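One structure below.
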Amino acid sequence: MQIGIVGLPYSGKSTLYQTITKTLLEPNELAKSEAHQAIIKIPDERLDRLTAIFNPKKKVNAAIDIVDVVGLQKGDSGSTQFTGNFLSKVKTNDALVQVVRLFDNEAVPHSEGSINMMRDIDSFETEFILSDMAIIEKRIESLKKQILKTQDEKLKHELPILEKCFELLQDEKPLRDHQFSKEEIIILKTYQLLSIKPMLIALNLDETQINDSEKYLNELVKKKLSHNTKALIFFGKIELEMSELKDEDAELFMKDYGIKESALDSLIRGAYDLLGLQSFFTVGEDECRAWTIKKGMNAQEAAGEIHTDFYKKFIRAEVVGYNDFIECTSFSKAKEQGKWRLEGKEYIVQDGDILSIRHN
């Protein structure tokens, strides 16, 4: 899973990246035109507890690939330009985090001259919609010509899907807000459209605005948020300082400022919610590992995440829910109490399931 962090210049985009990756970038690194990228381990207390029980040789957390996307530039008019280079870098991300600046700092003025939450959000949305319209319009023209020549049934099926998308975009509606079928999503994935990507809006406040956070979130609920557009609050300057502290000291720091959740925890929770993700576990003396899968995946599909051979040669899955295992304290007791079970390939894996795959 790859998440791209985007934002206007001086919004705190790179601050969020440094905070959640615990990577301090030098000024010369921040000025570079290359994207910054890091893989972060997803904290999971359940995996920590399973590791303490099994004492394996290795613990492997689930992970997220985080990219600090660069490429926005100042135009001759002084406004921000969305370059082709920037838009092409965003296309490969599974989801986007848009950092929106809500704090004042005279030493570092806002790139657009003033603080305006909805203007900044809409500036990205407009560019994404225009980019998608150009791609879809060109494809529609090409499809119509090919259909006249070949009468291909697949192309005939694809055309109305793209025409529906084009109508939505003309109405200035991002594609992520529309409920497409699974079949339609598979077709649209090939185009790497931008407005269809799930969006997490990260509002960057300073320490004087802690009591105002609900006000901004409530405004977003009314004007922007949907099933594929979520929001979180973070306090960039404070949390960057916290990221350099030990966990115990960081917790005290958060308590002093009245911050309920760290930027990292908020982002992970928001990303899992947006992308419909969950975790299952495999355990043993050699390794305890958390695996990330889509909600609704069955046991055979989950087995395929471990190894492709497990999908092809799947027989059964041994399953115990995490809470049941902790309550029973061992697999043998879980069997005695009827909590351990054998499931077939159509079993829908639940968050926190502990799986052992039987295969040929």
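Quick check on segment 151-160. Is at least one of its residues among the polar types (S, T, N, Q) and open to solvent by less than 40 Å² (accessible area, probe 1.4 Å)? Taking every residue of segment 151-160 in turn, none turns out to be among the polar types (S, T, N, Q) and open to solvent by less than 40 Å² (accessible area, probe 1.4 Å).
Within the option set 314, 325, being surrounded by 15 or more Cβ atoms within 10 Å (Cβ to Cβ), closer than 13 Å to residue 281 by Cα and aromatic (Phe, Trp, Tyr) holds for one residue only, 325.
Residue by residue through segment 276-287, note down the ones that are surrounded by 14 or more Cβ atoms within 10 Å (Cβ to Cβ), touching a Ser or Thr at 6+ places or on another chain (Cβ under 9 Å) and more than 14 Å from residue 42 (Cα to Cα). Across segment 276-287, the qualifying residues are 282, 283. Exactly one residue out of 148, 252, 217 is assigned to a helix (DSSP H, G or I), closer than 30 Å to residue 23 by Cα, open to solvent by 50 Å² or more (accessible area, probe 1.4 Å) and among the aliphatic types (A, V, I, L, M), and it is 252. From the list 271, 302, the lone residue that is open to solvent by less than 50 Å² (accessible area, probe 1.4 Å), closer than 26 Å to residue 15 by Cα and within 21 Å of the chain's Cα centre (by Cα) is 271.
So if I check each of 67, 90, 100, which one is touching a strand residue (DSSP E or B) at 6+ places or on another chain (Cβ under 8 Å) and either at pLDDT 95 or above or open to solvent by 70 Å² or more (accessible area, probe 1.4 Å) (or both)?
Details: 67 fails: either at pLDDT 95 or above or open to solvent by 70 Å² or more (accessible area, probe 1.4 Å) (or both); 90 fails: either at pLDDT 95 or above or open to solvent by 70 Å² or more (accessible area, probe 1.4 Å) (or both).
Answer to the check: 100.
The single condition among (1) touching a strand residue (DSSP E or B) at 6+ places or on another chain (Cβ under 7 Å); (2) open to solvent by 30 Å² or more (accessible area, probe 1.4 Å) that residue 201 does not satisfy is (2). Looking only at segment 117-159, residues that are over 25 Å from the mean Cα position of the chain (by Cα) and among the hydrophobic types (A, V, I, L, M, F, W, C) come to 7 in all.
Within segment 33-64, track down each residue that is in a loop (DSSP other than H, G, I, E, B), in contact with a strand residue (DSSP E or B) (Cβ under 8 Å, 6 or more places away or on another chain) and open to solvent by less than 80 Å² (accessible area, probe 1.4 Å). Spell out how you get there, then give the answer.
Of the residues in segment 33-64, the ones in a loop (DSSP other than H, G, I, E, B) are 33-35, 42-44, 55-57, 61-62.
Then drop every residue that is not in contact with a strand residue (DSSP E or B) (Cβ under 8 Å, 6 or more places away or on another chain), which leaves 35, 42, 44, 56-57, 61-62.
Passing the criteria: 35, 42, 44, 56, 61, 62.
Residues to consider are 352, 338; find the one that is among the small types (Gly, Ala, Ser) and either more than 18 Å from residue 284 (Cβ to Cβ) or open to solvent by 80 Å² or more (accessible area, probe 1.4 Å) (or both). Before the answer, list the steps.
Values: 352 fails: either more than 18 Å from residue 284 (Cβ to Cβ) or open to solvent by 80 Å² or more (accessible area, probe 1.4 Å) (or both).
Step by step, each of 352, 338 is checked, and only 338 is among the small types (Gly, Ala, Ser) and either more than 18 Å from residue 284 (Cβ to Cβ) or open to solvent by 80 Å² or more (accessible area, probe 1.4 Å) (or both).
Residues in segment 222-248 that are assigned to a helix (DSSP H, G or I), open to solvent by 60 Å² or more (accessible area, probe 1.4 Å), more than 24 Å from residue 195 (Cβ to Cβ) and touching a helix residue (DSSP H, G or I) at 6+ places or on another chain (Cβ under 8 Å): 237, 241. Within segment 256-268, does at least one residue satisfy the condition of being closer than 13 Å to residue 357 by Cβ, open to solvent by less than 10 Å² (accessible area, probe 1.4 Å) and in contact with a Ser or Thr (Cβ under 8 Å, 6 or more places away or on another chain)? No.
Residue-level analysis places residue 253 outside the set of residues that are among the hydrophobic types (A, V, I, L, M, F, W, C) and in contact (Cβ under 8 Å) with a residue 24 or more places away in the chain. Taking every residue in segment 334-345 that is without any contact (Cβ under 8 Å) to a residue 60 or more places away in the chain and more than 14 Å from residue 356 (Cβ to Cβ) and pairing it with any residue that is surrounded by 12 or more Cβ atoms within 10 Å (Cβ to Cβ) and among the aromatic types (Phe, Trp, Tyr), at least 6 positions away or on another chain, the pairs with Cβ-Cβ distances below 7 Å are 345/314. Here residue 293 passes the criteria (1) closer than 25 Å to residue 61 by Cβ; (2) in contact (Cβ under 8 Å) with a residue 12 or more places away in the chain; (3) surrounded by fewer than 17 Cβ atoms within 10 Å (Cβ to Cβ); (4) under 18 Å from the mean Cα position of the chain (by Cα) except the one numbered (3). Can you find a residue that is among the polar types (S, T, N, Q), under 15 Å from residue 47 (Cα atoms) and part of a strand (DSSP E or B) anywhere in segment 324-338? No, segment 324-338 has no match at all.
The values are calculated or read from the model by the stated rules, or taken from the named source; none is laboratory data. Bear in mind that the values here come from a model prediction, so they are computed numbers and not experimental data. Methodologically, a virtual Cβ is constructed for each residue, glycine included, from the backbone with ideal geometry; neighbour enumeration extends over all protein chains shown. Accessible surface areas use protein heavy atoms only, side chains included; no ligands, DNA or RNA. Shrake-Rupley method; radii C 1.70, N 1.55, O 1.52, S 1.80 Å.
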